[in-house]
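Participant: Below is the structure I would like to discuss, written out as structure tokens.
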Amino acid sequence: MKVVFMDKQKATKLILLIICFAVYFIINSVALPNSTVGMSPEQIQELTDQGKKLLTPEGQQVLALMVAVILAWIFEVVPIGIASVFALFMVPT
């Protein structure tokens, strides 16, 4: 007798959900080219004086969240409505 804890479709959705969370945390923690994460205020002021547009930490969090939610929508890991409401509550204020 074969014991099955989870069918193949549920296992695939669980793996894709884990991938979505991993993508969120990777994008959120990596210093992007125009990100101000880890910069001192003097460095930020110097770059803005040069006319460069910078991505704030909040902007990077929103970018990471949108990529993760769009992946969840594409792969239908969770229903679209649930992913949308989850995204609304996760946006940094």
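Participant: I'm trying to understand the selection: among the residues of the stretch 48-65, which are of a type outside the set (D, E, K, R) and open to solvent by 80 Å² or more (accessible area, probe 1.4 Å)?
Facilitator: Within the stretch 48-65, just Gln50 meets the criteria.
Participant: In the stretch 66-85, what residues are over 15 Å from Ile18 (Cα atoms) and either in contact with a Gly (Cβ under 8 Å, 6 or more places away or on another chain) or open to solvent by 90 Å² or more (accessible area, probe 1.4 Å) (or both)?
Facilitator: Once the filter is applied, which keeps residues that are over 15 Å from Ile18 (Cα atoms) and either in contact with a Gly (Cβ under 8 Å, 6 or more places away or on another chain) or open to solvent by 90 Å² or more (accessible area, probe 1.4 Å) (or both), the stretch 66-85 yields Ile80, Ile82.
Participant: Being of a type in the set (Gly, Ala, Ser) and at pLDDT 85 or above narrows it down to one residue among Gly38, Gly81; which is it?
Facilitator: Going through Gly38, Gly81 in turn, just one is of a type in the set (Gly, Ala, Ser) and at pLDDT 85 or above: Gly81.
Participant: Then there's this: If I ask for residues that are outside any loop (DSSP other than H, G, I, E, B) and loosely packed, with under 14 Cβ neighbours inside 10 Å, which ones from the stretch 22-47 would you list?
Facilitator: Ala22, Phe25, Ile26, Ser29, Pro41, Glu42, Gln43, Gln45, Glu46
Matching residues to (1) under 17 Å from Val37 (Cα atoms); (2) touching a helix residue (DSSP H, G or I) at 6+ places or on another chain (Cβ under 9 Å):
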{"residue": "Gln50", "(1), (2)": "no, no"}
{"residue": "Gly59", "(1), (2)": "yes, no"}
{"residue": "Leu63", "(1), (2)": "yes, yes"}
{"residue": "Val78", "(1), (2)": "no, yes"}
{"residue": "Ala83", "(1), (2)": "no, yes"}
{"residue": "Ala87", "(1), (2)": "no, yes"}
{"residue": "Val91", "(1), (2)": "no, yes"}
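The values are calculated or read from the model by the stated rules, or taken from the named source; none is laboratory data. Model, not experiment: these values are computed from the prediction. For neighbour counting, all protein chains shown are included, and Cβ atoms are generated from backbone atoms with ideal geometry for every residue, glycine included. Remember, those area values only see protein heavy atoms, side chains included, never the ligands or the DNA or RNA. Shrake-Rupley method; radii C 1.70, N 1.55, O 1.52, S 1.80 Å.
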